[in-house]
């Protein structure tokens with residue numbers, strides 16, 4: 001090797017060393033910079049005519065663990081979803097309050113019970129009556145306010161989904177733009193490490209919104225998918241759309257049928273293809289998934305619990321029992337019940353024995369036959385059999401439906417008017433009618449019986465009656 005060749009080799013080594021020092025200083029200076037990754041200087045043997053003439057500096061590269069990076073993104077998506085749900089559900093818990101707190105819904109119900117007891121002790125007291133009315137009014141207002149708060153939380157989630165979708169679209173555009181720069185620089189054998197950091201920051205931010213996975217391409221670009229497999233970005237990004245609703249109520253729910261859907265959904269638009277990402281299960285974690293779960297599951301469940309509490313309280317206060325009367329036809333005996341006071345959702349309780357086996361049946365009046373047949377969970381009693389009967393038809397048809405649903409040894413008839421008669425099988429002695437009563441709701445707010453009809457059904461303004 002000539003002296004000039006030796007000096008050239010030494011200079012190339014110094015240049016590479018200087019480049020390494022520069023990178024080390026940048027690594028130290030950016031130790032607290034968000035998104036910055038440690039860089040290392042790459043070098044190769046410089047050849048001329050098959051012989052080494054020094055060292056060649058290559059483009060700087062990042063030192064990262066791709067597997068850990070993907071795990072971090074997955075954990076970030078899960079964390080974002082859980083944090084969002086936890087924050088909102090803590091607000092729901094605070095709204096319901098603790099059972100021993102006077103300001104909680106349980107405390108308000110307890111106060112109403114106290115007012116009822118005071119009125120029972122002194123029925124003639126005007127002060128006790130007024131106190132009861134005031135407490136009932138306060139309780140009803142609290143139920144309405146809590147329902148409104150839950151729907152406001154759902155609307156808040158709806159708006160957050162909309163803003164998150166906008167952010168996701170912007171991030172996909174950023175990733176696509178950086179992808180293009182990386183491909184251009186890599187063609188010229190230039191360092192793309194800092195651009196990769198910039199792109200990863202955008203991908204990391206996107207992963208907090210929705211669970212994504214990436215695939216590296218030979219030209220240095222990345223392809224982005226949802227964890228469900230839907231393509232978000234190849235050369236160009238898809239467009240995410242959200243048809244936000246400006247108002248939600250308890251019956252505004254998600255449905256895969258657009259005609260039935262009362263809330264917004266996220267659509268993936270690529271060319272002429274549109275996919276409902278929620279129906280396809282394309283978003284499983286991340287902030288968007290958290291907001292969707294709150295809007296479509298957790299908060300509707302809280303609303304259902306509030307509705308059930310209000311329903312049971314309404315029924316407890318307003319329902320009254322109608323007794324039966326004895327009936328005899330020849331050797332057959334049984335009971336008659338007057339159904340004239342029944343409204344949709346009211347029930348008839350029938351107890352009978354056939355072949356020595358006792359049976360408990362709850363017959364529920366239904367005015368909309370489309371809801372039939374009813375589930376056995378339509379009542380709180382786990383041991384009864386629920387029979388839904390359409391009462392919005394002639395009495396002869398009602399009797400026929402009842403007879404078809406009951407054993408042949410229980411004979412159903414209509415002796416007159418709105419009276420339904422249940423008889424045993426007479427001389428055969430295989431059946432026996434043991435009990436019969438009806439649970440009815442007052443038809444009006446005042447002067448219609450002993451029930452205290454303090455609540456009305458918000459959908460129709462009628463007295464609440466557990467209408468199926």
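The values are calculated or read from the model by the stated rules, or taken from the named source; none is laboratory data. Being a predicted model, the structure only gives us computed values, none of them experimental. Neighbour counts are summed over all protein chains in view; Cβ atoms, including those assigned to glycine, are modelled from backbone coordinates with ideal geometry.
Data table
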quantity	calculated
Extreme residue, nearest to the chain's Cα centre (by Cα), among residues of the stretch 209-221 that are surrounded by fewer than 20 Cβ atoms within 10 Å (Cβ to Cβ) and not in a loop (DSSP other than H, G, I, E, B)	213
Residue count for the stretch 330-386, restricted to those that are in contact (Cβ under 8 Å) with a residue 60 or more places away in the chain and in contact with a helix residue (DSSP H, G or I) (Cβ under 7 Å, 6 or more places away or on another chain)	4
Residue match in the stretch 164-175 (condition: assigned to a helix (DSSP H, G or I), farther than 30 Å from residue 245 by Cα and assigned by the TED database to the domain that holds residue 239)	no
Given (1) touching a strand residue (DSSP E or B) at 6+ places or on another chain (Cβ under 8 Å); (2) modelled with pLDDT of 95 or more; (3) assigned to a loop (DSSP other than H, G, I, E, B), index of the condition residue 327 fails	(3)
Residues of the stretch 318-329 satisfying the condition of being touching a residue at least 60 places away in the same chain (Cβ under 8 Å), surrounded by fewer than 17 Cβ atoms within 10 Å (Cβ to Cβ) and either under 21 Å from residue 139 (Cα atoms) or over 40 Å from the mean Cα position of the chain (by Cα) (or both)	323, 329
Search result, residues across the stretch 180-195 that are in contact (Cβ under 8 Å) with a residue 40 or more places away in the chain and touching a helix residue (DSSP H, G or I) at 6+ places or on another chain (Cβ under 7 Å)	192
Some residue of the stretch 263-271 being assigned by the TED database to the domain that holds residue 152, in contact (Cβ under 8 Å) with a residue 24 or more places away in the chain and part of a loop (DSSP other than H, G, I, E, B)	yes
Among (1) modelled with pLDDT of 80 or more; (2) closer than 24 Å to residue 316 by Cα; (3) more than 40 Å from the chain's Cα centre (by Cα), the one test that residue 377 misses	(3)
Selection within the stretch 228-245 - in contact with a helix residue (DSSP H, G or I) (Cβ under 8 Å, 6 or more places away or on another chain) and assigned to a loop (DSSP other than H, G, I, E, B)	235, 236, 238, 244, 245
Matching option when the condition is assigned to a loop (DSSP other than H, G, I, E, B), touching a helix residue (DSSP H, G or I) at 6+ places or on another chain (Cβ under 8 Å) and closer than 30 Å to residue 345 by Cα, among 300, 250	250
Residue list for the stretch 358-375, filter: under 24 Å from residue 409 (Cα atoms) and surrounded by 14 or more Cβ atoms within 10 Å (Cβ to Cβ)	359, 360, 361, 362, 363, 364, 365, 374
Residue within the stretch 119-127 that is touching a helix residue (DSSP H, G or I) at 6+ places or on another chain (Cβ under 9 Å), without any contact (Cβ under 8 Å) to a residue 24 or more places away in the chain, part of a helix (DSSP H, G or I) and surrounded by 16 or more Cβ atoms within 10 Å (Cβ to Cβ) present	yes
Residue 149 in a helix (DSSP H, G or I) and either in contact with a helix residue (DSSP H, G or I) (Cβ under 7 Å, 6 or more places away or on another chain) or at negative phi (or both)	yes
Residue check for residue 232: surrounded by 15 or more Cβ atoms within 10 Å (Cβ to Cβ), in contact with a strand residue (DSSP E or B) (Cβ under 9 Å, 6 or more places away or on another chain) and at pLDDT 95 or above	yes
From 103, 87, residue being assigned by the TED database to the domain that holds residue 156, loosely packed, with under 13 Cβ neighbours inside 10 Å and not in a helix (DSSP H, G or I)	103
Check on residue 206, outside any helix (DSSP H, G or I) and either assigned by the TED database to the domain that holds residue 295 or over 25 Å from residue 65 (Cβ atoms) (or both)	no
Any chance residue 281 is under 16 Å from the mean Cα position of the chain (by Cα), at pLDDT below 95 and assigned to a loop (DSSP other than H, G, I, E, B)	yes
